[in-house]
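Asker: Structure provided below as structure tokens; questions to follow.
The values are calculated or read from the model by the stated rules, or taken from the named source; none is laboratory data. Note that the structure is predicted; figures quoted are calculated from it, not measured. Cβ coordinates were reconstructed from backbone atoms using ideal geometry, including for glycine residues, and neighbour counts include every protein chain displayed. What goes into the accessible areas is simple: the full protein's heavy atoms, side chains included, and nothing from ligands, DNA or RNA. Shrake-Rupley method; radii C 1.70, N 1.55, O 1.52, S 1.80 Å.
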Amino acid sequence: MGISTWHRSVHRDLPSTPEGRLFGYLAESELLAAANFTFQVWDFFVSLMIPEHATAVFLLHHVAAALVSWFSLSYQVLHYYGVFFLGCSEVSSIFLLFIDLGRYFPPTTGSPFDLLISICQPAFLITFGWYRIVLWWKVSILLWKDVIYVLKTGKAEELRPGKSFCLYIYLFLNVVLGLLQIFWFGIILRAAYEVVRG
């Protein structure tokens, strides 16, 4: 839903203004925020039971993503950005799911599952790099410009009285989550190098 909404309708259905991007309503974004909040809370508690996932980095990611989703749902803000950060950035996780399945249930060489894994590995690298690194920071710059504008002009208080604090939290979490993307991409590139090197 995030990919199709981002590439087809979000730019058409919301005003192309800071106010439109920050305070406009999109049903798709609300669904993404609800799904993401539910998943992040669930995954936080599941991760506590899996030693390799019960790390500060993973748990911080789940808490930050859940908070972003919660504020979006509670205060109906950042629906434009929610489509990207809660939808598009997660597309690489689809490929990661199959890669992880292959790790825990190694495929037979030459099997259809082995072929699927060999397709998912570069697809994961490409989609992670594109959505979570390249576009993440491009979209983040626009987010920062929009938030600074509505805070400076008083539009934030006019349109969401008493809720401006959540914009500051969004900016902080945007940086935290963006730095986590860079950290993970470094790990992904090292793993890809090892695969290519043999």
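Asker: Got a number for residues in region 114-123 being open to solvent by 50 Å² or more (accessible area, probe 1.4 Å) and among the small types (G, A, S)?
Answerer: The number of residues fulfilling the criteria is 1.
Asker: Next question, about the same structure. Of everything in region 149-158 that's in contact (Cβ under 8 Å) with a residue 12 or more places away in the chain and farther than 10 Å from L22 by Cα, which residue is surrounded by the most Cβ atoms within 10 Å (Cβ to Cβ)? Step through it out loud before you land on a result.
Answerer: Initial filter on region 149-158 (in contact (Cβ under 8 Å) with a residue 12 or more places away in the chain): 149-151, 155-156.
Now drop any that are not farther than 10 Å from L22 by Cα, which leaves 149, 151, 155.
Details: Y149: 15, L151: 16, K155: 18.
Here the answer is K155.
Asker: Turning to a different aspect of this structure: Test I141 against the criterion of being among the β-branched types (V, I, T) and open to solvent by less than 50 Å² (accessible area, probe 1.4 Å), and give yes or no.
Answerer: Details: among the β-branched types (V, I, T): yes; open to solvent by less than 50 Å² (accessible area, probe 1.4 Å): no.
No, not satisfied.
Asker: Give just the number: which of (1) of a type outside the set (V, I, T); (2) over 17 Å from S89 (Cβ atoms); (3) open to solvent by 40 Å² or more (accessible area, probe 1.4 Å) does D146 not satisfy?
Answerer: Here D146 clears every test but (3).
Asker: Going by the conditions given, is S111 open to solvent by less than 60 Å² (accessible area, probe 1.4 Å) and more than 26 Å from E19 (Cβ to Cβ)?
Answerer: On the way: open to solvent by less than 60 Å² (accessible area, probe 1.4 Å): yes; more than 26 Å from E19 (Cβ to Cβ): yes.
The answer is yes for S111.
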